[in-house]
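Laboratory data are not the source of any read-out in this text; all were calculated from the coordinates shown. From a predicted model like this one, the values you see are computed outputs, not experimental measurements. So basically every Cβ, Gly included, is an ideal-geometry build from the backbone, and we count neighbours across all protein chains shown.
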Amino acid sequence: MMPDNAAGHAAAASPLGVALRLLKADAPTQVTEPRDWPRWAVLLPHVLAATGHLDSAAGQPDAQTMADGSRLLGLAGYYLWVHARHADAKALEERALAIDEAAYGPGHPAVATDLNNLAQILQDLGQPEAARPLQERALAIDEDAYGPGHPRVATDLNNLAAILRDLGQPEAARPLQERALAIDEDTYGPGHPRVATDLNNLAAILRDLGQPEAARPLQERALAIDEAAYGPGHPDVARDLNNLAQILRDLGQPEAARPLQERALAIDEAAYGPGHPRVATGLNNLAAILRDLGQPGAARPLQERALAITQAAQTAGSGRPGAEAGQ
């Protein structure tokens, strides 16, 4: 086996290795954060160009070059997923998975990360049946590597619960989501944004189970956590507002739901642009509230706009907006 310092020198001697290492050092890792999107918009074409040489490089690239390439493919895929370019994201995540399985074997935590990301993309492409075995495999890898109480296991549980929800199995999803919440509260404390994600997802499961009264305080708590953590204009706050508005609608309170939904829509349009599937979700939800309020004429143009966004997304192979915000 090559010593670490020798491997580093080999990577330094390769122009591709140098390029990938520099890109990796510059690439923000919090890909879901809007503050990092401008930098990713600049880096993305360079990442795609550099990683495109991994398969065509003369000779087999060294291990560090392949690891840097896999990491960049995963981050770029996640960035594209956030921006609803799901078909493009899937191709990058599949490449990252192939590299990591070849480098580390099928049971490595890096492979679990790739499986997690690919499962989320398949879910958003409307393929929860295909996503489920990948997510179950990621969970098994992380439990074996880290133990049952690790926050990475909580992430796996969260994602698997969401897939089961999409498959119409909220009863099976609930214990997984409750376990994820317990892990994250124990790890991070009760006021952490990861806990807000767990609360959001558990509230959605309770709604599916016909328990909006039980869902409401969880959703309100999630909103308070995210507003304190991120401020009032963050996409996670929009998610919370979307979901709380739907709970209020379930409780027969469309008047209270409307301003929350309008605020969520404004946040998502500012964050993602007017043609993103999350905007279609907000438009659909607001249209439903307007119908509840006896205003079908006001609802119709919103639904027509949501339909146009959905059709454009389907044409691009980028997934499907749902009836409510997801995790």
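Quick notes on this structure:
- Secondary-structure-derived ellipticity at 222 nm for the chain, considering helices only, amounts to -26000 deg cm²/dmol, per-run term -39500 (n - 2.57) for DSSP H runs with n ≥ 4.
- Extension gain (nm, one decimal) between residue 55 and residue 25, 0.36 nm per residue minus Cα-Cα: 8.6 nm
- If only the Cβ of Lys and Arg carry +1 and only the Cβ of Asp and Glu carry -1, the dipole of the chain around its Cα centre is close to 780 debye.
- Kirkwood-Stokes translational diffusion coefficient of the chain, alpha-carbon pairs, 4 °C, 1.567 mPa s, µm²/s: 62
- Mean Cβ count within 10 Å, highest first, over the residues of peptides 185-193, 207-215: 207-215, 185-193
- Judged by the gyration tensor of its Cα atoms, with axes a ≥ b ≥ c, the range 112-182 is oblate; a/c meets the 1.5 cut and b/c is at least as large as a/b.
- If the segment from residue 229 to residue 102 were pulled out straight at 0.36 nm per residue, it would be longer than the present Cα-Cα gap by 41.8 nm.
- For the range 118-179: relative contact order, % (alpha-carbon pairs under 8 angstrom, 6 or more apart): 29
- As a rough guide to protection, the peptides 272-278, 30-36 ranked by mean Cβ packing within 10 Å, highest first, stand as 272-278, 30-36.
- Using only side-chain charges placed at the Cβ, +1 for Lys and Arg and -1 for Asp and Glu, the dipole size of the range 214-255 relative to its Cα centre rounds to 100 debye.
- Note on the range 170-327: Cα convex hull, mean projected area over all directions, 9.2 nm².
- Principal-axis tilt of helix 212-230 within the chain, Cα atoms, nearest 10 degrees: 50
- Calculated FRET efficiency for the pair residue 186/residue 140, C-beta based, R₀ 25 Å, to 0.05: 0.70
- Around the Cα centre of the range 21-145, unit charges on the Cβ atoms of Lys, Arg, Asp and Glu (plus for the first two, minus for the last two) sum to a dipole of about 420 debye.
- In the range 43-158, one over the average inverse separation of all distinct C-alpha pairs is 14.5 Å, which is the Kirkwood hydrodynamic radius.
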